[in-house]
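Taking it in order: structure first as structure tokens, then the write-up.
Taken together, the values in this text are just the output of simple stated rules run on the coordinates, not laboratory data. This structure is a prediction, so every number in the text was calculated from the model and none was measured. With ideal geometry, Cβ positions are generated from the backbone for all residues, glycine too; neighbour counts draw on all protein chains shown.
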Amino acid sequence: IRQYINSNAGRKSAESQSLTRRSKNEILFSELCQEITSNIKLNEAMFNGWDADIILPEHKVAVLWNGNWHHKKITKKHSVLQVQNRDKIKLFEIANAGYQSYVIDDFGKYNVEFVNKEFEKFRNWLLTRRGVEKQTISQAS
């Protein structure tokens, strides 16, 4: 019961912060994902109340863009352990919904080159995972 209560509180907290805490890198990455498909959902709570940063429904992929908040203490009240426990629950719920998670760890500031490299890795992973011909996913110019 305690885990359910904590999970419920975690979902509410994540929901209230979903669109206000997007980094410039995450926003740029989501824009690049439009090259793969126009059917993209951002921060939608579609995994038993949990969200993912970028969701590609037709590929059944949920991208989690994990910045410093997920890895180091930022404020006095911030608990990295609590954030990481929520991340574990979120990964479980995403898998339970039949989606595959793709996690990007971002420890820096706005960096177009970093985002482009991460997008290329993601595109290649997606092509390999899906066994899709490269012609079906438009190439970045």
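A few comments on the model shown:
- Spin-label proximity, ALA97 to the stretch 47-68 - amide N less than 11 Å from point 7 Å beyond Cα toward beta carbon: 47-57, 60-63
- Cross-link reach list, aspartates and glutamates versus LYS60, counting only Cα pairs under 16 Å and skipping chain neighbours closer than eight places: GLU44, ASP51, GLU93
- Violating pairs (Cα-Cα greater than 24 angstrom) within the set LYS76/LYS121; LYS41/LYS88; LYS76/LYS117; LYS41/LYS76: LYS76/LYS121; LYS76/LYS117; LYS41/LYS76
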